[in-house]
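Some notes on the structure that comes next.
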Amino acid sequence: MITSGIAKRYARAFFEIAGEEKRYEEYFRELAGFSAVLRQNKGLNEFLANPVFDQPDKRAVVDQILSKLQISPMTANFLKLLVDKRRIGILSDIEECYRELMDQTLRKVRVTVKTAFPLTAELSGRLQEGLEAMTGKQVEMTVIEEPALIGGIVVRVGDTLYDGSIKTQLSNIRNLLGEEQ
């Protein structure tokens, strides 16, 4: 994937600048904010990614958007560079690569927890503490209610899935019984 390699290089360069200024998370929020604007405005995203339109026109549009957002000059210059180099179309990939670099450096891990019922604040806190102890990293936890699980919990830590849901257990039992018949 050529785009992935290019996105990693841009992300790493911007990340190194953020490291010099110790502003990893601030720059990430700004990058993610601009990326969200592009995702929400499909027409704008298509305009910026389309090679038919002139670069000065694209740059003017980006300048207008940046004037309305509260973005640091460093992030604004980075976004303008992406427009000038015709790389604004891979901004979401750059954002993802930057986030991975930031998580590694700041020793964070993103965890998704699916439960059949809402978690109490106490249970959520205990779960987060347990996950932090297990991973040895600071956990940023997202909880999703999914009644189809019936009960139990499903936890995704990076690429690893821990499935303790009743739905899966019932499915496993069903498969075992089906194999024996």
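If I ask for residues that are among the β-branched types (Val, Ile, Thr) and buried (at least 18 other Cβ atoms within 10 Å of the Cβ), which ones from the stretch 111-144 would you list?
Selection gives VAL111, VAL113, THR115, VAL139.
Suppose we filter ASN50, ASN77, ASN45, ASN41 for residues that are polar (S, T, N, Q) and surrounded by 18 or more Cβ atoms within 10 Å (Cβ to Cβ); which single one remains?
Numbers: ASN50 fails: surrounded by 18 or more Cβ atoms within 10 Å (Cβ to Cβ); ASN77 fails: surrounded by 18 or more Cβ atoms within 10 Å (Cβ to Cβ); ASN41 fails: surrounded by 18 or more Cβ atoms within 10 Å (Cβ to Cβ).
Of ASN50, ASN77, ASN45, ASN41, the one residue that is polar (S, T, N, Q) and surrounded by 18 or more Cβ atoms within 10 Å (Cβ to Cβ) is ASN45.
Scan the stretch 153-167 residue by residue and report those that are in contact (Cβ under 8 Å) with a residue 12 or more places away in the chain, touching a strand residue (DSSP E or B) at 6+ places or on another chain (Cβ under 8 Å) and either not assigned by TED's automatic domain parsing to the domain that holds LEU123 or not aliphatic (A, V, I, L, M) (or both). Give the derivation first.
First, the residues of the stretch 153-167 that are in contact (Cβ under 8 Å) with a residue 12 or more places away in the chain: 153-158, 164-167.
Subset that is touching a strand residue (DSSP E or B) at 6+ places or on another chain (Cβ under 8 Å): 153-158, 164-165.
Listed by number, the residues that qualify are ARG156, GLY158, GLY164, SER165.
In the stretch 100-110, is there at least one residue being part of a loop (DSSP other than H, G, I, E, B), touching a strand residue (DSSP E or B) at 6+ places or on another chain (Cβ under 8 Å) and surrounded by fewer than 12 Cβ atoms within 10 Å (Cβ to Cβ)?
Within the stretch 100-110, the first condition is being part of a loop (DSSP other than H, G, I, E, B), and the residues that meet it are 107.
Filter again for touching a strand residue (DSSP E or B) at 6+ places or on another chain (Cβ under 8 Å), leaving 107.
Still in the running and surrounded by fewer than 12 Cβ atoms within 10 Å (Cβ to Cβ): 107.
Looking for residues that are part of a loop (DSSP other than H, G, I, E, B), touching a strand residue (DSSP E or B) at 6+ places or on another chain (Cβ under 8 Å) and surrounded by fewer than 12 Cβ atoms within 10 Å (Cβ to Cβ), one finds at least one in the stretch 100-110, hence yes.
The values are calculated or read from the model by the stated rules, or taken from the named source; none is laboratory data. Quick caveat, the model's predicted, so the values are computed rather than measured. Counting neighbours? That spans all protein chains shown, and the Cβs are built from the backbone with ideal geometry, glycine included.
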